[in-house]
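Please read the structure below before turning to the comments.
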Amino acid sequence: MPPMEVVGRLRGPLTITCRTCEHSSTWSPKEASRRLGAECTVPSARRKLRCSACGERRSMYFVFSSP
């Protein structure tokens, strides 16, 4: 599995954006690991997350940033 698909291998911030309402949140690698689990994959994270603004599930996209 490529390194950026596993949360515990992130090197820079992770930005998660809702496709429905465009609300976004940026987490540090440490925060992402704490919230999702270090071994969590992107497909698994999509199933876990819900937008805190509109409540939509499975409508998230992820942007991985360099440190």
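Do we have A38 as at pLDDT 85 or above and in contact with a Gly (Cβ under 6 Å, 6 or more places away or on another chain) here? Before you say what the answer is, go through the steps one by one.
On the way: at pLDDT 85 or above: yes; in contact with a Gly (Cβ under 6 Å, 6 or more places away or on another chain): yes.
Answer is yes for this residue.
Of the residues that sit in segment 41-65 and are of a type in the set (D, E, K, R) and at pLDDT below 85, which one is farthest from E22 (Cα to Cα)? Step through it out loud before you land on a result.
Step one: list which residues in segment 41-65 are of a type in the set (D, E, K, R), which gives 46-48, 50, 56-58.
Now restrict to residues that are at pLDDT below 85: 46, 58.
Details: R46: 15, R58: 13 Å.
Restricting to residues being of a type in the set (D, E, K, R) and at pLDDT below 85, the top hit is R46.
The values are calculated or read from the model by the stated rules, or taken from the named source; none is laboratory data. Remember, predicted model here, so these are calculated numbers, not experimental data. With ideal geometry, Cβ positions are generated from the backbone for all residues, glycine too; neighbour counts draw on all protein chains shown.
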